[in-house]
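See below for the structure under consideration.
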Amino acid sequence: MTTKLFLAGATGVVGRSLIPFLLEAGHKVTGTTRTANGKAKLEAVGVTVTVVDVFDARALEAAVELASPDVLIHQLTDLSGGLDPHSPNEGLKRNARLRREGTANLVRAATRSGVKRVIAQSIGWAYASRSGPYVETDPLDIAATGARAISVLDGVIPLESAVLDQNAFEGLILRYGQLYGPGTWSDEPSGASPVHVEAAAYAAFLAVDHGRPGVYNIAEPGGALAVDKAWNELGWRPGVRVPERA
């Protein structure tokens with residue numbers, strides 16, 4: 001069955017990998033970008049494009065209303081340019097603001113347009129420290145300080161609360177491990193909970209019509225994140241890659 005989707009962050013590293021899964025399944029995709037170059041790239045692969053800034057709440061609401069999606073997928077981040085070694089916290093602050101304010105705007109737009117399900121990208125290294133592997137019910141690090149507090153307290157927690165703590169739609173959070181693969185910062189697995197970017201996108205694809213509302217760890221098994229819930233409820237597998245289109 002065709003589902004109408006609104007993909008925020010369609011030109012991002014996960015968004016680019018997600019689009020082929022969605023189109024191959026026959027879904028109708030409206031993707032966001034802020035640039036003419038991004039618009040051209042999305043149109044070239046068959047995506048309906050809306051040029052909008054997530055911080056422009058009125059324009060975003062109008063774009064979501066026009067697309068009239070069943071499902072909204074939030075894959076926006078603000079780390080594509082990396083972190084400035086001379087002022088690394090500024091990049092973290094930009095990303096946290098996007099997670100905090102951008103997500104709030106997306107949730108408001110989704111609610112007003114009657115979206116049935118919202119899927120949002122989060123991170124899998126925001127848990128309070130303990131011996132792993134971490135499960136989805138473990139607490140986040142509300143005692144974080146310094147740079148970690150910027151990411152966790154100012155970004156991740158507001159993002160997840162906005163998506164989960166409401167009754168307007170089904171909210172799903174995908175806590176990704178450390179991404180690797182095309183377009184990321186690493187070609188090979190790295191970190192305590194690595195996940196290939198295309199496998200991460202596959203999890204978002206599955207979440208369109210699989211899984212109960214709530215949180216899902218998405219990473220390769222055997223690392224710092226327990227992924228049994230994603231395997232059992234989403235049917236996710238870490239070895240899946242983007243399908244080739246004829």
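The values are calculated or read from the model by the stated rules, or taken from the named source; none is laboratory data. Just so we're clear, the structure is a prediction, and the values are computed from it rather than from any experiment. Heavy atoms of the whole protein, side chains included, go into the accessibility calculation; ligands, DNA and RNA do not. Shrake-Rupley method; radii C 1.70, N 1.55, O 1.52, S 1.80 Å.
Worth a mention:
- Carbon + sulfur, % of accessible area of the chain - ligands and nucleic acids excluded, 1.4 Å: 52
- Average accessible surface for the chain: 46 Å² per residue, computed with a 1.4 Å probe over protein heavy atoms with every protein chain in place.
- The chain: Lys pairs at Cα distance under 23 angstrom, eight or more positions apart or on different chains: 8
- Given (1) 46; (2) 42; (3) 52, the label whose value is percent of Cα pairs over 23 Å apart derived from this model: (1)
- In the chain, the DSSP-assigned H stretches of four residues or longer account for a calculated mean residue ellipticity at 222 nm of -9000 deg cm²/dmol, using -39500 (n - 2.57) per stretch and the full residue count as denominator.
- By definition, a body whose alpha carbon gyration tensor gives a ≥ b ≥ c is oblate when a/c is 1.5 or more and a/b is not larger than b/c, and region 35-84 fits this oblate description.
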